[in-house]
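Right, one structure below, let's go through it.
The values are calculated or read from the model by the stated rules, or taken from the named source; none is laboratory data. These numbers were taken from a predicted model, which means no experiment stands behind them. Please note: Cβ atoms are built from the backbone with ideal geometry, for glycine as well, and neighbour counts cover all protein chains shown.
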Amino acid sequence: MSDVLELAAVSVVRGAKTLLDKVDWQVNEGERWVILGPNGAGKTTLLQVAAARLHPTSGMAGILEEVIGAVDVFELRPRIGLSSAALANQIPEDEKVLNVVVTAAYGVTGRWREGYEKADERRAFGLLNEWGMGPLLNRPFASLSEGERKRVQIARALMTDPELLLLDEPGAGLDLAGREDLVRRLSELARDESAPAIVLVTHHLEEVPPGFTHAMLMRDGGVVAAGPLTEVLTAENLSETFGLPLAVSANAGRYTATARH
Ligand SMILES: Nc1ncnc2c1ncn2[C@@H]1O[C@H](COP(=O)(O)OP(=O)(O)OP(=O)(O)O)[C@@H](O)[C@H]1O
Ligand SMILES: [Mg+2]
């Protein structure tokens with residue numbers, strides 16, 4: 001079994017709709033994956049499975065060498081860092097930035113009890129500093145810009161020192177400078193050997209951070225291609241994934257795609 005993720009024929013069905021269709025996927029320690037695919041392809045659903053927050057309808061999901069269905073997910077979840085829009089929406093408006101991060105240690109949003117361990121507060125403060133958010137630690141989360149919120153969410157996802165980091169569209173809503181800042185930070189994280197395995201969902205090839213090692217392309221709940229990044233991010237694969245003829249170019253580890261006319 002792969003040490004981080006081992007998905008075999010994982011399907012998720014809701015009513016008449018197949019959200020994931022027999023997905024096979026292996027992720028090993030040290031790997032940095034990017035997942036691309038059109039709206040509705042099933043990327044967020046796949047991340048929910050990988051985060052032990054959604055049970056497959058059929059198939060086998062192995063996460064950090066535990067099999068879903070045979071493990072207490074509440075013990076597994078702290079080993080996985082997740083940043084997603086759905087999670088951000090659960091953060092109370094007046095929640096202070098430091099608490100947004102600290103509460104991850106307790107698997108909750110909303111500071112629901114006093115007296116957190118000092119060590120936890122120190123770790124949260126350290127992470128916020130690393131992500132350039134130290135000066136804003138007492139600001140209400142709701143008052144932050146989109147870029148600032150994204151960095152706080154990543155710091156929160158890293159709070160439990162996870163073995164797997166899942167980031168669902170951390171670049172959404174960022175301006176050009178914000179995107180470039182995020183790509184640089186994620187690129188540094190990718191090259192940090194002590195960092196967990198990373199899975200990043202994005203809509204934009206421009207957001208693939210240099211240093212990422214693997215890619216998966218999804219369409220209609222299925223996998224179009226998966227494997228080493230340079231082999232997967234080809235014009236042919238991306239054209240099939242997005243259903244239009246694309247030209248793809250790579251320059252100094254950065255990718256871009258444009259429609260071919
Ligand atoms: N409970 C549900 N019942 C029926 N369909 C659902 C349900 N939840 C999600 N879907 C559908 O499953 C499909 C996959 O959704 P998912 O959120 O995984 O896509 P995605 O690749 O993350 O898309 P996006 O890029 O827009 O975020 C979508 O068509 C969505 O409408
Ligand atoms: Mg999504």
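Would region 207-219 turn up any residue that is within 16 Å of ligand 1 (Cβ to nearest atom), more than 25 Å from Ile91 (Cα to Cα), at pLDDT 95 or above and in contact with a Ser or Thr (Cβ under 6 Å, 6 or more places away or on another chain)?
We begin by selecting, within region 207-219, every residue within 16 Å of ligand 1 (Cβ to nearest atom); these are 207-208, 215-219.
Within this subset, residues satisfying the condition of being more than 25 Å from Ile91 (Cα to Cα) are 207-208, 215-219.
Filter once more, keeping what is at pLDDT 95 or above: 207-208, 215-219.
Among the residues that remain, those that are also in contact with a Ser or Thr (Cβ under 6 Å, 6 or more places away or on another chain) are: 217, 219.
Yes, region 207-219 has at least one match.
May I ask you to say which residue of Arg254, Arg219 is under 30 Å from Gly126 (Cβ atoms), more than 14 Å from the chain's Cα centre (by Cα) and surrounded by 15 or more Cβ atoms within 10 Å (Cβ to Cβ)? Please lay out each step first, then the result.
Numbers: Arg219 fails: under 30 Å from Gly126 (Cβ atoms).
On inspection, the qualifying residue turns out to be Arg254.
Somewhere in region 162-171, is a residue under 30 Å from Asp3 (Cβ atoms) and surrounded by fewer than 15 Cβ atoms within 10 Å (Cβ to Cβ)? Let's see the steps before the verdict.
Step one: filter region 162-171 for residues under 30 Å from Asp3 (Cβ atoms), giving 162-171.
Within this subset, residues satisfying the condition of being surrounded by fewer than 15 Cβ atoms within 10 Å (Cβ to Cβ) are none.
For region 162-171, residues under 30 Å from Asp3 (Cβ atoms) and surrounded by fewer than 15 Cβ atoms within 10 Å (Cβ to Cβ): absent.
Here is a yes/no grid of residues against (1) more than 16 Å from ligand 1 (Cβ to nearest atom); (2) within 30 Å of Thr241 (Cβ to Cβ); (3) under 18 Å from the mean Cα position of the chain (by Cα):
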| residue | (1), (2), (3) |
| --- | --- |
| Leu46 | no, yes, yes |
| Phe74 | yes, no, no |
| Arg79 | yes, no, yes |
| Glu117 | yes, no, no |
| Gly126 | yes, no, no |
| Asn129 | yes, no, no |
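With buried (at least 18 other Cβ atoms within 10 Å of the Cβ) and among the basic types (Lys, Arg) as the only criterion, which of Arg14, Arg77, Arg32 stands out?
Details: Arg14 fails: buried (at least 18 other Cβ atoms within 10 Å of the Cβ); Arg77 fails: buried (at least 18 other Cβ atoms within 10 Å of the Cβ).
Of Arg14, Arg77, Arg32, the one residue that is buried (at least 18 other Cβ atoms within 10 Å of the Cβ) and among the basic types (Lys, Arg) is Arg32.
From Gly178, Gly173, which residue is modelled with pLDDT under 95 and assigned to a helix (DSSP H, G or I)? Outline the logic, then answer.
On the way: Gly173 fails: assigned to a helix (DSSP H, G or I).
Checking each option against the conditions leaves just Gly178.
Scan region 206-248 for residues that are polar (S, T, N, Q) and either away from ligand 2 (no atom under 16 Å from the Cβ) or over 30 Å from Ser11 (Cβ atoms) (or both) and jot them down. Please lay out each step first, then the result.
Taking region 206-248 and keeping what is polar (S, T, N, Q), we get 213, 230, 234, 237, 239, 241.
Thr213, Thr230, Thr234, Asn237, Ser239 - these are the residues of region 206-248 that are polar (S, T, N, Q) and either away from ligand 2 (no atom under 16 Å from the Cβ) or over 30 Å from Ser11 (Cβ atoms) (or both).
Tell me, yes or no, whether region 104-118 has at least one residue that is over 25 Å from Ala215 (Cβ atoms), surrounded by 22 or more Cβ atoms within 10 Å (Cβ to Cβ) and of a type in the set (S, T, N, Q).
Step one: filter region 104-118 for residues over 25 Å from Ala215 (Cβ atoms), giving 104-118.
In the following step, the residues that additionally are surrounded by 22 or more Cβ atoms within 10 Å (Cβ to Cβ) were identified as 104.
Checking which are of a type in the set (S, T, N, Q) leaves us with none.
Looking for residues that are over 25 Å from Ala215 (Cβ atoms), surrounded by 22 or more Cβ atoms within 10 Å (Cβ to Cβ) and of a type in the set (S, T, N, Q), one finds none in region 104-118, hence no.
Just to be sure before I move on: is Asn251 more than 16 Å from ligand 2 (Cβ to nearest atom), without any contact (Cβ under 8 Å) to a residue 60 or more places away in the chain and within 18 Å of Gly37 (Cα to Cα) in the structure I sent?
Working: more than 16 Å from ligand 2 (Cβ to nearest atom): yes; without any contact (Cβ under 8 Å) to a residue 60 or more places away in the chain: yes; within 18 Å of Gly37 (Cα to Cα): no.
Answer is no for this residue.
(1) more than 16 Å from ligand 1 (Cβ to nearest atom); (2) in contact (Cβ under 8 Å) with a residue 60 or more places away in the chain; (3) over 23 Å from Pro209 (Cα atoms): which one isn't true of Leu20, the others all being true?
(1)
Here is a check on your reading of the model: is Arg254 charged (D, E, K, R) and within 16 Å of ligand 1 (Cβ to nearest atom)? Walk me through how you get there before you give the answer.
On the way: charged (D, E, K, R): yes; within 16 Å of ligand 1 (Cβ to nearest atom): no.
Considered against the rule, which asks whether it is charged (D, E, K, R) and within 16 Å of ligand 1 (Cβ to nearest atom), Arg254 comes out as no.
Residues in region 181-199 that are in contact with a Pro (Cβ under 7 Å, 6 or more places away or on another chain) and either at pLDDT below 95 or in a helix (DSSP H, G or I) (or both): how many?
5
Please identify the pairs in which a residue from region 200-215 that is in a loop (DSSP other than H, G, I, E, B) has its Cβ atom under 6 Å from the Cβ atom of a residue that is among the basic types (Lys, Arg) and surrounded by 23 or more Cβ atoms within 10 Å (Cβ to Cβ), counting only partners at least 6 apart or on another chain.
Phe212/Arg32; Thr213/Arg32
Pairs please, first residue from region 84-96 and part of a helix (DSSP H, G or I), second anywhere and at pLDDT below 90, Cβ atoms under 6 Å, 6+ apart in sequence or on different chains.
none
Might you let me know whether region 61-68 holds any residue that is within 16 Å of ligand 2 (Cβ to nearest atom) and over 27 Å from Leu144 (Cα atoms)?
There is no residue in region 61-68 that is within 16 Å of ligand 2 (Cβ to nearest atom) and over 27 Å from Leu144 (Cα atoms).
Only one of Ala52, Ala41 is crowded, with 21+ Cβ neighbours inside 10 Å, within 16 Å of ligand 2 (Cβ to nearest atom) and part of a loop (DSSP other than H, G, I, E, B). Can you tell me which?
Numbers: Ala52 fails: within 16 Å of ligand 2 (Cβ to nearest atom).
Criteria check complete, one pass: Ala41.
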